Amino acid sequence: MGVPTKLEQLILEGKVTPARPHVSALPEPITTAGPVSDLIAEQRR
């Protein structure tokens, strides 16, 4: 157990930085009167 992984070793050496956590909130869903396929068909006209 005490052996760091390759990624942990690269982080310790300063060669890579860990990804930042994604913390943004999702937007509210949009309600529609019909299915998505109807919306796409309208856009293609």
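Rule-based calculations on the coordinates, nothing more; no lab input. The structure displayed is predicted, hence computed values, not measured ones. Every residue, glycine among them, receives a Cβ derived from its backbone with ideal geometry; neighbour counts consider all protein chains shown.
I'd like to check something: does the range 25-36 contain any residue that is out of contact with any His (no Cβ under 6 Å at 6 or more places or on another chain), part of a helix (DSSP H, G or I), surrounded by 10 or more Cβ atoms within 10 Å (Cβ to Cβ) and free of Cβ contacts under 8 Å to residues at least 24 places away in the same chain? Taking every residue of the range 25-36 in turn, none turns out to be out of contact with any His (no Cβ under 6 Å at 6 or more places or on another chain), part of a helix (DSSP H, G or I), surrounded by 10 or more Cβ atoms within 10 Å (Cβ to Cβ) and free of Cβ contacts under 8 Å to residues at least 24 places away in the same chain. Taking the conditions exactly as written (more than 23 Å from the chain's Cα centre (by Cα) and not in a loop (DSSP other than H, G, I, E, B)), does LEU12 satisfy them or not? In short, yes.
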